[in-house]
1. Specify which labelled value, from (i) 1.02; (ii) 1.12; (iii) 0.99, agrees with Rg/Rh (Cα atoms, Kirkwood Rh) derived from the coordinates of the model shown.
2. On full extension of the chain, what length is gained from residue 198 through residue 72, given 0.36 nm per residue of separation minus the C-alpha to C-alpha distance?
3. Output the 0 to 90 degree angle, nearest 10, between the alpha-carbon long axis of helix 58-69 and the longest principal axis computed from the alpha carbons of the chain.
4. Modelled label-to-label distance, residue 35 and residue 179, 7 Å Cα→beta-carbon offset: nm?
5. Taking only C-alpha pairs under 8 Å that are 6+ residues apart, what is the relative contact order of the stretch 4-226 in percent?
6. Evaluate the distance, in nm, between pseudo-label points positioned 7 Å from the Cα of residue 9 and of residue 89 along their respective Cα→Cβ axes.
7. Please report the spacing between the Cα centers of the stretch 19-38 and the stretch 192-227 in Å, no decimals.
8. Relative to 2.2 N^0.38 Å, what does the C-alpha radius of gyration of the stretch 111-215 come to as a ratio? Two decimals please.
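A short reminder: the numbers here are calculations on the coordinates, not readings from a lab. Just so it is clear, the model here is predicted, and its values are computed rather than measured. Here the Cβ is made from the backbone with ideal geometry for all residues, glycine too, and neighbour counts use every protein chain on show.
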């Protein structure tokens, strides 16, 4: 189990899951270990790590889910991406999203899709690599990946939009360093992390944040060293 970032014993708890872990499975494990009934307010795609909110009471469950359904939550993701052409400092995407149950993948659709909105902002640029903040108020499955793709942004490690593993190797960055057959990427997995969650509960504003994975910090150190 990962670290509990915040545990409000009467109403809710905030938990940081790792990438590759199922929100539902983590929730079930939590309930088994803590021996208490909780409700998952929103899921995260298995490939995405970050903060989860669980309600501990029926009243908290109702209020938090109503707030989530009314777009009163704010979710801030951090992502690393590769971009061929220059990006604007910030841009928005309001592409509606539908779900293909056979392919288990999101796709854009004005006719069948549900409204989705993401605001992107470039925080740092290293050559063709960008650290970007993505903000939304209501999460759809694979929303950040899909909206980034239609902004011509390739998120590192994304195997769906487009279908290729784009990772960073030291041989890509360090002059004279030759790539070997067993070279490993500097970081792996889908490079999207839910870093901050904000919401109101019982008249009080809450804001929780959690550091991004350590290998992402190391990756940025390599970018700073070789691409600036």
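1. (iii)
2. Values: separation 126, 0.36 × 126 = 45.36 nm, distance 0.85 nm.
Computed gain between residue 198 and residue 72 is 44.5 nm.
3. 40 degrees
4. Taking the two extended label points, one gets 5.4 nm.
5. Values: 432 pairs, mean separation 44.5, N = 223.
Taking the mean separation of contacting Cα pairs over the length of the stretch 4-226, I get 20 percent.
6. Calculated label separation equals 4.7 nm.
7. If you average the Cα positions of each part, the centres end up 22 Å apart.
8. Values: Rg = 17.0 Å, N = 105, 2.2 N^0.38 = 12.9 Å.
Normalised by 2.2 N^0.38 Å, the Cα Rg of the stretch 111-215 equals 1.31.
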